[in-house]
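Asks: Could you have a look at this structure, given as structure tokens, before my questions?
The values are calculated or read from the model by the stated rules, or taken from the named source; none is laboratory data. As the structure is a computational prediction, the values presented were derived from the model and not from experiment. Neighbour counts run over all protein chains shown; Cβ positions are idealised from the backbone, glycine included. Surface accessibility is based on the protein's heavy atoms, side chains included, excluding ligands, DNA and RNA. Shrake-Rupley method; radii C 1.70, N 1.55, O 1.52, S 1.80 Å.
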Amino acid sequence: MTTSSRVTLAATSHEAAIELPAIGQGTWFMGEGLAPRADEVRALRQGLDLGQTLIDTAEMYGDGGAEEVVGEALRGRRDDAFLVSKVYPWNAGRDHAIAACERSLQRLGTDYLDLYLLHWPGGIPLDETLEAFDRLRESGKIRRFGVSNFDIDDMQALSATPGGGDCTVNQVLYHLGSRGIEHSLRPWQREHGMPLMGYCPLAQAGRLRRRLLDHPDITALAAERDLTPAQLLLAWAIRPVDGQRDVIAIPKAVQPQHVRDNAAVLEVALDDDALARLDAAFPAPERKEPLDIV
């Protein structure tokens, strides 16, 4: 793996900075019977073997079923993974968040999370959620906290909340067909040294102007670069901006070839011509857009 294919999570008040691969592994729709469980477990282990050490899951996914799949995949190799899970907004209260985290840990078969995210903004005051996260950190159940599906106004409110400056990441929908975060949210986060985690990087969801994987500009450019269209989209999502990578993409894969293809993108660098052509075909927004959420 090249050093350029890594993203740095900044130091917090309690944790040192850490580098992670720019492509992790998503688990949305795992544990729901859409694929054999053994195949899902094998795919996650294969991804770990290929350097995709970040695994993202949530109590929402399959009502905890995805966490159980991850737990099985990590049996005997918990130390190989940077493990991320998420709490429902309505479980993010002072005591409910503690209980929700403990349920997640039980399903995952581990005694700590590397990163715990508030899944989207809810009705519980942020200071109450941050208090719960701090208690979880003090008890060793989480190492860091972050948020998901927060737009810039949400991030500003979080930043103004005592303890909010230790937020590690914001996980949002991001792909070539959904670039709204580039107008305001991503610049704000870069200014504050806070990376993004991009879900649905292969355009599985979100506001699509047209289908991407079979779009003629995508297929032609991918063929020229000896990439699959999905690899091209992943390479674009994690591309450096002004020489700095600040996006960790978390595609889900179950088939062995898809896992290999995703991991191989850690070695791919798109040249200026490719990026210019993609910008021309799928331009960045010129004004603030509502945050895409799935």
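Asks: Is segment 54-139 rounded, prolate or oblate when judged by the Cα gyration tensor, a ≥ b ≥ c being the square roots of its eigenvalues, rounded requiring a/c under 1.5 and prolate requiring a/b larger than b/c? Walk me through the intermediate numbers first.
Replies: Details: a/c = 2.21, a/b = 1.66, b/c = 1.34.
Because a/c hits 1.5 or more and a/b exceeds b/c, segment 54-139 counts as prolate.
Asks: Something else: Report ³J(HN,Hα) in whole Hz for each residue of segment 283-289, in order, from the Karplus equation J = 6.51 cos²θ - 1.76 cosθ + 1.60 where θ = phi - 60°; Gly and Pro get x.
Replies: Once rounded to whole Hz, the list reads x, 5, x, 9, 9, 4, 10.
Asks: Which value, to two decimals, describes the C-alpha radius of gyration of the chain once divided by 2.2 N^0.38 Å?
Replies: 0.95
Asks: Only loop residues by DSSP count here, and only those with at most 16 other Cβ atoms within 10 Å; note down the GluC sites (Glu not before Pro) in segment 221-290 that meet that.
Replies: Filter output for segment 221-290: Glu286.
Asks: Report the dimensions of segment 74-229 along its three principal axes from the alpha-carbon atoms, largest first, rounded to Å.
Replies: Projected onto its principal axes, the Cα set of segment 74-229 covers 52, 41, 26 Å.
Asks: Right, another one. Rounded to whole Å and sorted largest first, list the principal axis extents of the Cα atoms in segment 160-294.
Replies: The principal-axis extents, from largest down, are 49, 34, 30 Å.
Asks: Please compute the contact order of the chain in relative form: average sequence separation of alpha-carbon pairs under 8 Å and at least six residues apart, divided by the residue count, as a percent.
Replies: This gives 21 percent for the chain.
Asks: First compute the accessible area of segment 18-149 with a 1.4 Å probe, then give the percent of it belonging to carbon and sulfur atoms.
Replies: Ligands and nucleic acids excluded, carbon and sulfur give 47 percent.
Asks: Sequence gap at least 6, Cα distance under 8 Å: using those rules, report the relative contact order of segment 1-76 to the nearest whole percent.
Replies: Result for segment 1-76 is 31 percent.
Asks: With the radius of gyration and the Kirkwood radius both derived from the Cα set of segment 107-181, what is their ratio Rg to Rh?
Replies: Rounded to two decimals, Rg/Rh equals 1.01.
Asks: Residue by residue, what Karplus-based ³J(HN,Hα) values in Hz, rounded to whole numbers, does segment 178-187 have, using 6.51, -1.76 and 1.60 with θ = phi - 60° and x for Gly and Pro?
Replies: Each residue of segment 178-187 in turn: 9, 9, x, 5, 6, 6, 10, 5, 5, x Hz.
Asks: May I pose another question? Counting each DSSP H run of 4 or more residues in the chain as -39500 (n - 2.57), what helix-only mean residue ellipticity at 222 nm follows after dividing by all residues, to the nearest 500 deg cm²/dmol?
Replies: -10000 deg cm²/dmol
Asks: Near Lys252, which lysines are there with a Cα under 24 Å away, not counting those fewer than 8 places off in the same chain?
Replies: Straight-distance partners of Lys252: Lys86.
Asks: Working from the pairwise distances between different alpha carbons, so that the mean of 1/r is found and then inverted, what is segment 145-204's Kirkwood radius in Å?
Replies: When all Cα pairs of segment 145-204 are included, the Kirkwood radius is 11.7 Å.
Asks: Under the definition of Cα pairs under 8 Å and six or more residues apart, what whole-number percent is the relative contact order of segment 55-146?
Replies: 31 percent
Asks: With +1 on the Cβ of every Lys and Arg and -1 on the Cβ of every Asp and Glu, and nothing else charged, how large is the dipole of the chain about its Cα centre, in debye rounded to the nearest 20?
Replies: With Lys and Arg at +1 and Asp and Glu at -1, about 360 debye.
Asks: Continuing with the same structure: Leaving out ligands and nucleic acids, note down the accessible area per residue over segment 1-142 with a 1.4 angstrom probe, in whole Å².
Replies: 41 Å²
Asks: In addition: What does the net charge come to around Gly93 if you take all other residues with beta carbon closer than 13 Å to its beta carbon, with K and R at +1 and D and E at -1? Show your work: numbers first, answer last.
Replies: Numbers: positive: Arg94, Arg135; negative: Asp95, Asp127, Glu128, Glu131.
Net charge in that neighbourhood comes out at -2.
Asks: Can you give the accessible area per residue of segment 199-286, in Å², using a 1.4 Å probe? Spell out each step's value before the answer.
Replies: Details: 4160 Å² over 88 residues.
That works out to 47 Å² for each residue.
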